[in-house]
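Every number here is computed from the coordinates shown, using simple stated rules; none is lab data. This structure is a prediction, so every number in the text was calculated from the model and none was measured. Virtual Cβ from ideal backbone geometry, glycine too; neighbours counted across all protein chains shown.
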Amino acid sequence: MPVLRNMPPSYILVMLMATSLLLIPFMAVSSPAPSNNTDLVALLAFRSQLSDPLSILRNNWTSDVSFCQWIGVTCSRRHHQRVTALELPDIPLQGELGPHLGNLSFLRALNLTNTTLTGSIPADLGRLARLRYLDLGDNNLSDTIPSTVGNLTMLQSLVLNFNQLSGQIPDNLRNMHSLRYLSLESNYISGPIPNFSFESMPALSHIYVQNNSLSGSVPSGIGSLLMLQVLHLNYNQLFGPVPPTIFNMSRIADMRLGNNNLTGHIPSNTSFSLPMLQILNLYNNKFEGPIPLGLAACQRLQSLNIALNRFVDVVPTWLAKLPQLVVISIGSNALVGSIPPVLSNLTMLSVLDIAFSNLSGEVPMELGKLRQLTYLHLSFNQLTGPFPEFLGNFSEILS
């Protein structure tokens, strides 16, 4: 120190600066790379609530490798050690979801379908602002759908089917402007269907809410969903007339409204336009009036099930002009007249059910040309004549 004491201050400052510059390369080499433990902590907390009976996570999620290399975990290439996907479908994890998953702020996909999860859906999942895909289907999740799910405005696919969820569908799901695919089927959800509309959900193309306890009317906004391709509302407790706009949708291919308490007339052919329709199920409702003539233009139609309603009509001959038909189930209505022989033109027909009606005349022998037929149900009518001989040629026919 006596040497430094005799040196001028300016010289000492120059020496200190020079020494610092020399140390910088060594500091850069010896300092560890910056890390973010937020996602690691969240993953470990997630694992801690799972029994993992097959030890899949216990044997794979180990400290000797980066968590970005763990099974089911995908990390971002741009953001160091930030998890963008957690996908463990069909692995028996057995346990509950904790709130810690809400800390995976870069997560874009969460797929835990069929993983034997129990408990409730954490409200903290609503903090995953970047989430695009959420699939928790085929589990034993209970309680209600948290309203915070409506905060996921970038979500494109929401799958919560085949659980034990109850309560109502949160109305703020309408805030999910990017949603394309909604599957809530086979739960215990009750209350009304939110008024999904094109204005709030312009991309919505698939709605699966069947097999619940939903009540109220079919929302009018559904008829405005220009991208809608699949609409499954069957097996609920819906009632009242169906908005006529639902029968005038250019993209819908699969419409199932069966097993409800829906009423009223189906629009006439002037306002009935479903050019892409392949499946129509109106089974077991209280629809009235004639069988909609607009169906005659549905050249892609494969399955028509309008049985157990209050339609008053004859068996339409225009059915024979729908070459893709595989299933015709129109019985248990007030149908009169005879069975049109031209139905034999439907070479792909497998099911023909016109039972429990008021049909008369003989069974057309031409039906013997239906070589794909496996189910024929014509009982409880006023049919006359001999027993159709052609039935003896059908080894696969059930009835």
Theoretical gain in end-to-end length, T116 to T263 [0.36 nm per residue, Cα-Cα removed]: 49.0 nm
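By how many nm would the segment from S213 to R371 grow when fully extended, if each residue of separation counts as 0.36 nm and the alpha-carbon distance is taken off? Before the final figure, lay out the partial values.
Numbers: separation 158, 0.36 × 158 = 56.88 nm, distance 4.03 nm.
Difference between extended and current length: 52.8 nm.
For region 242-399, what D do you get in µm² per second when you plug the Kirkwood radius from alpha-carbon pairs into Stokes-Einstein at 10 °C and 1.306 mPa s? Don't jump to the answer; show the numbers that get you there.
On the way: Rh = 15.9 Å.
The Stokes-Einstein estimate is 100 µm²/s.
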In nm, give the distance between the simple-model label positions of T38 and E87, each being 7 Å from the Cα along the Cα-to-Cβ direction. 2.4 nm
Between the modelled labels at V65 and V312 (7 Å from Cα along Cα→Cβ) the distance in nm is 7.1 nm
Two-decimal Rg/Rh across region 132-278, once Rg and the Kirkwood Rh are taken from alpha-carbon atoms: 0.95
With no solvent and one equal point scatterer placed on each C-alpha of the chain, evaluate the Debye formula and give log10 I(q)/I(0) for q = 0.07, 0.09 Å⁻¹, two decimals. -0.49, -0.70
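FRET efficiency for R58 and R130, Cβ-Cβ distance as r, R0 = 41 Å, nearest 0.05? Please list the in-between numbers first.
On the way: r = 29 Å, r/R0 = 0.70.
FRET efficiency, R58 to R130: 0.90.
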Run the lone-cysteine check on the chain: no other Cys C-beta under 4.7 Å from the residue's C-beta. C298
How high is the relative contact order of the chain, in percent, counting Cα pairs under 8 Å that sit 6 or more residues apart? 6 percent
Given charges of +1 on the Cβ of Lys and Arg and -1 on the Cβ of Asp and Glu, with all other atoms neutral, how large is the dipole of the chain about its Cα centre, in debye to the nearest 20? 1220 debye
Between the modelled labels at T384 and S220 (7 Å from Cα along Cα→Cβ) the distance in nm is 5.1 nm
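Would you calculate, for the chain, the mean residue ellipticity at 222 nm contributed by helices, counting each DSSP H stretch of 4 or more residues as -39,500 (n - 2.57) and dividing by all residues, to the nearest 500?
-3000 deg cm²/dmol, from helical runs alone.
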